[in-house]
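Down below is the structure, laid out as structure tokens.
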Amino acid sequence: MLEHEIDGVIVRLQKGDLTQQDVDAIVSDSNNALWMGSGVAAAIKRKGGEIIEAEAVEQGPIQPGDAVIGTAGRLRSRYVIHAAAMDTKLETTGEMIAAATRSALSRASERGLQSIALPALGVGTSKFPPEDAGQVMLQEIGYHVQAGTTLRHITISVMSEQVYKGFCKAFGVEEAEPPKPEPAESAPPAEPVLPAEPAPPAAPDPSDPPAAPEAAADVPDEDDAVSEEAEPAEET
């Protein structure tokens, strides 16, 4: 996850499910007829209910780059903003993405909303290059914040690893590598186990007869250890 702060507004890029965002409004990457048949729009309709598309279509068609706001159905957010980042041929341009980003943010601020989550507009169905889309969207977010807004948190939420990497580059950084695990500390050497001390001999029982003394073992001294020659026999 990456974060920038622009004039007190937190702008966040994260990998995650847009439909699960706990924000005031999420943005649908829509065509200008506001059908929700593919990509992000279809996922929003599937999870939030048919009412989302029905209410949007009643407000269309709109110009490419424009946006309308409607109900969020069963979703966690209060509203879905339908931003027409492509036409009915599902084609887009950088200018459409810029206008759709600008319009979506304006609809949110007009309602006094404080948090919004957007997808990577124009990238999924229309196959616009992720890094280029990220640069366009981030630029428009900056313009919107600097002009004054009620929004305090703006999130771009993407699912694809490739799209996330492209948007990271647009944010001016490469994707952060996960922290490497620290090497485990080596265990201290085990203390040597000392042999158990022998138990002291049991005290003799006074009723037992005294034991016979053992013969002393022959312990050779230095002289005995030297071999001796046999002495000559005495003459008779």
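The values are calculated or read from the model by the stated rules, or taken from the named source; none is laboratory data. Source: prediction; values computed, not measured. Glycine gets a Cβ as well: all are built from the backbone with ideal geometry, and neighbour counts include every protein chain shown.
Can you say whether LEU90 is hydrophobic (A, V, I, L, M, F, W, C), touching a residue at least 12 places away in the same chain (Cβ under 8 Å) and surrounded by fewer than 18 Cβ atoms within 10 Å (Cβ to Cβ), as far as the supplied structure shows?
Values: hydrophobic (A, V, I, L, M, F, W, C): yes; touching a residue at least 12 places away in the same chain (Cβ under 8 Å): yes; surrounded by fewer than 18 Cβ atoms within 10 Å (Cβ to Cβ): yes.
It is true that LEU90 is hydrophobic (A, V, I, L, M, F, W, C), touching a residue at least 12 places away in the same chain (Cβ under 8 Å) and surrounded by fewer than 18 Cβ atoms within 10 Å (Cβ to Cβ).
Scan segment 63-83 residue by residue and report those that are under 31 Å from the mean Cα position of the chain (by Cα) and either under 23 Å from GLY142 (Cβ atoms) or not β-branched (Val, Ile, Thr) (or both).
If the condition is that a residue be under 31 Å from the mean Cα position of the chain (by Cα) and either under 23 Å from GLY142 (Cβ atoms) or not β-branched (Val, Ile, Thr) (or both), then ALA72, GLY73, ARG74, LEU75, ARG76, SER77, ARG78, TYR79, ILE81, HIS82, ALA83 are the ones that fit.
Among the residues of segment 114-152, how many are of a type in the set (Ser, Thr, Tyr) and modelled with pLDDT of 95 or more?
Residues that pass the stated criteria total 4.
With the structure loaded, tell me whether GLY60 is over 25 Å from the mean Cα position of the chain (by Cα) and part of a loop (DSSP other than H, G, I, E, B) or whether it fails that test.
Criteria met by GLY60.
How about segment 24-43: which of its residues are assigned to a helix (DSSP H, G or I) and touching a residue at least 12 places away in the same chain (Cβ under 8 Å)?
Within segment 24-43, GLY39, VAL40, ALA41, ALA43 meet the criteria.
Could you pull out the residue among ARG12, ARG111 that is surrounded by fewer than 20 Cβ atoms within 10 Å (Cβ to Cβ), at pLDDT 95 or above and more than 30 Å from VAL173 (Cα to Cα)?
None of the other options fit; the residue is ARG111.
Please state which of the following conditions GLN21 fails to meet, knowing it meets all the rest: (1) of a type in the set (S, T, N, Q); (2) out of contact with any helix residue (DSSP H, G or I) (no Cβ under 9 Å at 6 or more places or on another chain); (3) crowded, with 19+ Cβ neighbours inside 10 Å; (4) free of Cβ contacts under 8 Å to residues at least 60 places away in the same chain.
(4)
Where the second residue is crowded, with 22+ Cβ neighbours inside 10 Å and the first is without any contact (Cβ under 8 Å) to a residue 24 or more places away in the chain and lies in segment 99-110, which pairs have Cβ atoms under 8 Å and are six or more apart or on separate chains?
The qualifying pairs do not exist here.
Out of everything in segment 15-71 that is in contact with a Pro (Cβ under 7 Å, 6 or more places away or on another chain) and not aliphatic (A, V, I, L, M), what residue ends up being farthest from CYS168 (Cα to Cα)?
Ranking the candidates gives ASN32 first.
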